[in-house]
Amino acid sequence: LCFADVSGKGMPAALLMSNLQAVVKAAAAENMPPRELVEKVNRVMSRNTTEAKFITLFYGLLDVDRKTLQYANAGHNAPILTREDGVQVRLVQGGLIVGAFQESVYDQGEIDLRPGDRLVMFTDGLSEAVDGNGKEFGEERLAEASRSNRQLSAEALHRCLLDRVTDFCGGEFEDDATVLVVAVS
């Protein structure tokens with residue numbers, strides 16, 4: 001599972017994201033653990049970014065047989081794992097944003113997945129969407145919506161979350177709003 005966001009807009013941001021995708025694909029082909037992959041991506045991308053540009057990245061390896069997720073979070077919005085009983089865990093282990101410092105070191109997390117779990121990954125365009133009064137939707141609302149709708153399928157929860165944020169901001173997004181939901185059965 002790979003989720004990333006680059007700073008900026010337009011062609012420069014698109015080129016940076018394209019470069020990131022190529023580096024991640026090449027490193028992922030080597031079948032390396034998330035921590036090592038993010039460190040490698042960081043080393044390469046630090047040569048291709050400036051102080052004004054940065055990248056957030058969440059990278060995880062999902063083992064469907066063992067029902068585990070190994071991951072490294074490089075400054076990305078921490079995904080929300082909602083357990084069947086409503087307990088929530090944020091996937092924060094990792095380190096700094098990608099590209100800032102060439103020798104950054106990243107931690108790796110591992111979490112067991114259980115039947116009924118819902119994992120929600122998102123970009124800041126979702127949590128930072130604002131209403132007519134300039135108030136942000138926020139990660140707390142996103143977490144609560146994930147918890148209160150955890151019984152939904154991945155597809156239905158995805159639609160529910162996007163609909164909630166769209167209603168909140170009146171469909172006026174200032175940034176990309178991307179969400180990915182994984183349901184464990």
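Just a few scattered comments:
- Charge dipole magnitude, Cβ of K and R +1, D and E -1 - region 97-162, Cα centre, debye nearest 20: 400
- DSSP assigns beta bridges within the chain; of those with both partners inside it, close to 90 percent run antiparallel.
- Where only DSSP H runs of four or more residues are counted, the chain gives -10500 deg cm²/dmol as its mean residue ellipticity at 222 nm, each run worth -39500 (n - 2.57).
- Ordered by 1.4 Å accessible area with all protein chains kept, His76, His158 run largest first as His158, His76.
- Magnitude of the charge dipole, region 72-185, Cβ model with Lys/Arg +1 and Asp/Glu -1, debye to 20: 420
- Given the chain, longest segment not containing exposed loop trypsin sites (Lys or Arg not before Pro) (DSSP; at most 13 other Cβ within 10 Å): 67-134
- DSSP-loop GluC sites (Glu not before Pro) across region 43-134, with at most 12 other Cβ within 10 angstrom: Glu51, Glu103
- Sparse packing (at most 15 other Cβ atoms within 10 Å of the Cβ) combined with a DSSP loop state is found for the following chymotrypsin sites (Phe, Trp or Tyr not before Pro) in region 83-185: Phe101, Phe173.
- Partner lysines for Lys53 [C-alpha distance under 23 Å; skip if fewer than 8 residues away on the same chain]: Lys9, Lys25, Lys40
- Between Glu30 and Gln151, the FRET efficiency estimated from the beta carbon spacing at R0 = 30 angstrom works out to 0.20.
- Based on C-alpha pairs under 8 angstrom that are at least 6 apart in sequence, region 85-185 has a relative contact order of 37 percent.
- Residue (of Leu62, Gly132, Gly116) at the positive-pole extreme of the chain, dipole from beta-carbon charges: Leu62
- Whole-angstrom gap from region 9-35 to region 114-185, using each part's C-alpha centre: 25
- Amide hydrogen proximity for Val92: with H placed 1.01 Å from N in the peptide plane, no residue at 5 or more positions away or on another chain lies under 5 Å.
- Contour minus Cα-Cα distance for Thr178 and Ala52 (0.36 nm per residue): 43.1 nm
The values are calculated or read from the model by the stated rules, or taken from the named source; none is laboratory data. Since the model is a prediction, treat every value here as computed from it, not as a measurement. Ideal geometry is used to build each Cβ from the backbone, glycine not excepted, and the neighbour counts take in all protein chains shown. Side chains are part of the model used for accessible areas, which takes the heavy atoms of the whole protein and leaves out ligands, DNA and RNA. Shrake-Rupley method; radii C 1.70, N 1.55, O 1.52, S 1.80 Å.
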